[in-house]
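J.: Submitted below is the structure of interest, expressed as structure tokens.
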């Protein structure tokens with residue numbers, strides 16, 4: 001009997017093909033598994049990138065808000081300083097106005113006193129030399145008080161223009177008050193003599 005070499009060879013080739021086809025299928029499925037992204041893994045990478053974008057956007061928003069808050073704080077601080085300065089200037093203006101009002105009152109009192117002494121002028125003119133000298137000195141002191149009052153008003157106005165304390169310029173105002181008091185005392189002594 002003859003050996004069917006062709007059939008044996010054909011069978012061996014078939015078995016080899018079968019083994020090869022199985023091996024190729026397993027390799028193809030492995031390649032597909034490697035090439036085809038894992039849904040969980042692909043979403044993880046996408047989520048990571050999206051999370052990075054969201055974090056960067058939030059950081060930018062927070063930085064922008066921080067800069068805006070700092071700018072608002074600086075504006076509020078500047079506004080507070082401006083309001084304090086305006087209040088200080090208003091208080092200085094009010095103090096200056098009060099002092100000028102007081103000095104005008106002193107000038108008015110000095111003028112009224114000088115006019116009031118005119119009533120005694122006839123009586124003192126007929127009196128002795130001492131009475132006339134006292135009246136003259138009293139009038140000079142009253143006129144000096146009027147001048148000191150006007151001078152003090154002027155210096156207070158200049159101090160207010162330069163935004164300084166107007167009460168620091170009241171030496172002439174204090175002098176005007178004392179000149180009026182001394183003048184009235186001298187004229188009173190002249191009337192009594």
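J.: Among 92, 46, 71, which is the only one that is surrounded by 11 or more Cβ atoms within 10 Å (Cβ to Cβ) and in a helix (DSSP H, G or I)? Full working, then the answer.
T.: Details: 46 fails: surrounded by 11 or more Cβ atoms within 10 Å (Cβ to Cβ); 71 fails: surrounded by 11 or more Cβ atoms within 10 Å (Cβ to Cβ).
Being surrounded by 11 or more Cβ atoms within 10 Å (Cβ to Cβ) and in a helix (DSSP H, G or I) holds for just one of 92, 46, 71, which is 92.
Okay, residues lined up against (1) at pLDDT below 90; (2) in a loop (DSSP other than H, G, I, E, B); (3) under 30 Å from residue 86 (Cα atoms):
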| site | (1), (2), (3) |
| --- | --- |
| 112 | no, no, no |
| 138 | no, no, no |
| 160 | yes, no, yes |
| 179 | no, no, no |
| 187 | yes, no, no |
| 190 | yes, no, no |
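J.: Checking the condition more than 28 Å from residue 88 (Cα to Cα) and in contact (Cβ under 8 Å) with a residue 12 or more places away in the chain, which residue from 129, 189 passes? Talk me through it step by step, then tell me what you get.
T.: Working: 129 fails: in contact (Cβ under 8 Å) with a residue 12 or more places away in the chain.
Sole residue among the options that is more than 28 Å from residue 88 (Cα to Cα) and in contact (Cβ under 8 Å) with a residue 12 or more places away in the chain: 189.
J.: Could you figure out which of (1) in a helix (DSSP H, G or I); (2) over 28 Å from the mean Cα position of the chain (by Cα) isn't true of residue 79?
T.: In the conditions (1) in a helix (DSSP H, G or I); (2) over 28 Å from the mean Cα position of the chain (by Cα), residue 79 misses (2) alone.
J.: Going through segment 153-163 one residue at a time, which ones are touching a residue at least 24 places away in the same chain (Cβ under 8 Å) and surrounded by fewer than 18 Cβ atoms within 10 Å (Cβ to Cβ)? Explain how you work it out, then say what you get.
T.: Taking segment 153-163 and keeping what is touching a residue at least 24 places away in the same chain (Cβ under 8 Å), we get 153, 156-157, 159-160, 163.
Once the filter is applied, which keeps residues that are touching a residue at least 24 places away in the same chain (Cβ under 8 Å) and surrounded by fewer than 18 Cβ atoms within 10 Å (Cβ to Cβ), segment 153-163 yields 157, 163.
J.: Just one of the numbered conditions (1) surrounded by fewer than 16 Cβ atoms within 10 Å (Cβ to Cβ); (2) in a helix (DSSP H, G or I) is not true of residue 144; which one?
T.: Single failed check for residue 144: (1).
J.: In segment 101-118, how many are under 14 Å from residue 149 (Cα atoms) and in contact (Cβ under 8 Å) with a residue 60 or more places away in the chain?
T.: So the answer is 6.
J.: Does residue 32 qualify as being modelled with pLDDT under 75 and either in contact with a strand residue (DSSP E or B) (Cβ under 9 Å, 6 or more places away or on another chain) or assigned to a helix (DSSP H, G or I) (or both)? Spell out how you get there, then give the answer.
T.: On the way: modelled with pLDDT under 75: yes; either in contact with a strand residue (DSSP E or B) (Cβ under 9 Å, 6 or more places away or on another chain) or assigned to a helix (DSSP H, G or I) (or both): yes.
Yes.
The values are calculated or read from the model by the stated rules, or taken from the named source; none is laboratory data. Predicted model, so just to flag it, every value in this text is computed and none were measured. Cβ coordinates were reconstructed from backbone atoms using ideal geometry, including for glycine residues, and neighbour counts include every protein chain displayed.
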